[in-house]
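Notes follow the structure.
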Amino acid sequence: MSDASLNPAPPAYPSDFPLAGASDLAAGLIAVLDDPAALTARLCDIPSVSGDERLLTDAVHLVLEHISAHGTPLDIRRDGDTLVASTSLGRDERILVAGHLDTVPIEGNVPSEDRVLDGEDVIWARGACDMKAGVAMALSVAHRLRSPRRDLTWVFYDHEEVDSDLNGLGRVSRNHPDWLHADLAILGEPSNAGIEGGCNGTIRVEVRTHGVRAHSARAFMGENAIHAAGDILVKLAAFEAPTVTVDGLDYRESLSAVGISGGVAGNVVPDECTVVVNYRFAPNTSAADAEAWLREFFAGYDLNVTDAADGARPGLDLPAAQEFVRAIGSAPAPKLGWTDVARFSALGMPAVNFGPGNALFAHKADEHVRRSEVVAATEALLAFLEPSASAVPGQSTSSEPKGQA
Ligand SMILES: [Zn+2]
């Protein structure tokens, strides 16, 4: 235990909670808790660009209080603009469902619009797929649960779309790791309503060559460091990155030069050249092992690590995860990019991505999500957490989630 654990916990509520307007917004969200597509649109209508999440956080905080008062009671804790709401039903296992409340900057796409694309009704808005549809899925399920088979922890956090040291989930994992304890974490990032397990790790290094400066008219007096970098590029171009199977999923690795710099002046033989290399490695390798591997691969060169993050194992061998896979009904796929599931992995928890929407539209001016997919993902998550609650009268059961091949 660190000294920090002896400090009093921060107050659950900011002193000026709720912000003016938050109560009306919360009432609007509560009115459509049974309709996750409508809820997505209303969440999108509340701007929450990173750093400006407070109004939306206050509204969601009030929604959670409503859910707690009228459904399954929740212990609601708050750190800045991150909310953590947990059930205490005494179940043997706990599932954590997380979603970020912030978005990248708006591009004329707030408030949301109802549009039809390729014959499908979509919600067109900043945040539609990344990831207010995932937040809507979580809130709608939290509202409908009555007697879930496992305890639940709902996490809504700030600052996901900016520098990693501002990330609300990272902050809570440092300040209150006990708030996040669970047997399986489900992150509602867009995954076409299919399960994407784990994620690759990433490490960035500078590989440097050294030479001797000279006038380029008398190049034979020097040693050209840029020429020496040629060997680094040849090694990289010849390398065939492997595909590694971890817990049954195939993770394709990549090793790429992502930058090169060198040169002193137009008439000088350069004495230094730097090649920036990014290695995306499978989650059975730690960042430390990836560094050791790179040092061996580039033996003889000066190597400096600038950035490294472990990946996350998919954890699909865990019974709760297997049950989730069965409930969703489509084969899980690997996530090749780095996502916040790795933060859960660092806390010793298996974690998967599962959310409505296609990640290819995230951060784009044409960001949107299919209404039917928001409903399908919500029904699927509810069916996993409380099978008896998922059969809602009048609700179409044909809205199967579409896993990505
Ligand atoms: Zn996201």
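The values are calculated or read from the model by the stated rules, or taken from the named source; none is laboratory data. All values derive from a computational prediction rather than experimental measurement. Quick reminder, even Gly has a Cβ in these numbers, built from the backbone with ideal geometry, and neighbours come from all protein chains shown.
If the condition is being assigned to a loop (DSSP other than H, G, I, E, B) and surrounded by 12 or more Cβ atoms within 10 Å (Cβ to Cβ), then the range 210-241 contributes Gly211, Arg213, Gly222, Asn224, Phe239, Ala241. Note on the range 186-202: residues that are within 16 Å of the ligand (Cβ to nearest atom) and in a strand (DSSP E or B) amount to 4. If only residues of the range 171-209 that are buried (at least 20 other Cβ atoms within 10 Å of the Cβ) and of a type in the set (S, T, N, Q) are counted, the one that is farthest from Cys129 (Cα to Cα) is Thr209. Quick one: which of Gly222, Gly211 is in the same structural domain as Leu294 (by TED's automatic domain parsing) and in contact (Cβ under 8 Å) with a residue 60 or more places away in the chain? Being in the same structural domain as Leu294 (by TED's automatic domain parsing) and in contact (Cβ under 8 Å) with a residue 60 or more places away in the chain holds for just one of Gly222, Gly211, which is Gly211.
Taken as a whole, the structure places Asp130 among residues that are of a type in the set (Asp, Glu) and closer than 19 Å to Lys335 by Cβ. Do we find that Leu19 is in the same structural domain as Ala376 (by TED's automatic domain parsing), hydrophobic (A, V, I, L, M, F, W, C) and assigned to a loop (DSSP other than H, G, I, E, B) in this structure? Here the answer is yes, as Leu19 does meet what is asked. Just to be sure before I move on: is Arg343 among the basic types (Lys, Arg), touching a residue at least 24 places away in the same chain (Cβ under 8 Å) and in contact with a Pro (Cβ under 8 Å, 6 or more places away or on another chain) in the structure I sent? The answer is no for Arg343.
Quick check on the range 35-51. Is at least one of its residues assigned to a loop (DSSP other than H, G, I, E, B) and without any contact (Cβ under 8 Å) to a residue 12 or more places away in the chain? Looking for residues that are assigned to a loop (DSSP other than H, G, I, E, B) and without any contact (Cβ under 8 Å) to a residue 12 or more places away in the chain, one finds none in the range 35-51, hence no.
Taking the criterion of being under 23 Å from the mean Cα position of the chain (by Cα), hydroxyl-bearing (Ser, Thr, Tyr) and outside any strand (DSSP E or B), the residues of the range 94-149 that qualify are Ser112, Ser140.
Any residue that is away from the ligand (no atom under 16 Å from the Cβ) and surrounded by fewer than 23 Cβ atoms within 10 Å (Cβ to Cβ) - is there at least one of those in the range 152-159? Within the range 152-159 (the criterion being away from the ligand (no atom under 16 Å from the Cβ) and surrounded by fewer than 23 Cβ atoms within 10 Å (Cβ to Cβ)), the answer is yes, since at least one residue qualifies. Hey, does the range 44-52 have a residue that's in contact with a Phe, Trp or Tyr (Cβ under 7 Å, 6 or more places away or on another chain), modelled with pLDDT of 95 or more, assigned by TED's automatic domain parsing to the domain that holds Ile186 and crowded, with 16+ Cβ neighbours inside 10 Å? Checked against the condition, which is being in contact with a Phe, Trp or Tyr (Cβ under 7 Å, 6 or more places away or on another chain), modelled with pLDDT of 95 or more, assigned by TED's automatic domain parsing to the domain that holds Ile186 and crowded, with 16+ Cβ neighbours inside 10 Å, the range 44-52 yields no hits at all. Would you mention how many residues in the range 324-351 are of a type in the set (A, V, I, L, M) and within 16 Å of the ligand (Cβ to nearest atom)? The number of residues fulfilling the criteria is 4. Which one is farthest from the ligand (Cβ to nearest atom), of the residues in the range 113-133 that are farther than 14 Å from Glu373 by Cα and surrounded by 24 or more Cβ atoms within 10 Å (Cβ to Cβ)? Only one residue tops the list, namely Ala125.
Listed here are the residues, each with its yes/no results for (1) in contact with a strand residue (DSSP E or B) (Cβ under 6 Å, 6 or more places away or on another chain); (2) modelled with pLDDT under 95.
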| position | (1), (2) |
| --- | --- |
| Val63 | no, no |
| Thr72 | no, yes |
| Asp81 | no, no |
| His100 | yes, no |
| Asp114 | no, no |
| Ala125 | no, no |
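Residues checked against (1) surrounded by 15 or more Cβ atoms within 10 Å (Cβ to Cβ); (2) more than 22 Å from the chain's Cα centre (by Cα); (3) aromatic (Phe, Trp, Tyr):
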position	(1), (2), (3)
Leu294	yes, yes, no
Leu316	yes, no, no
Ala320	yes, no, no
Phe324	yes, no, yes
Ala331	no, no, no
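Of all residues in the range 264-283, those that are part of a strand (DSSP E or B) and more than 30 Å from Ala333 (Cβ to Cβ) total 6.
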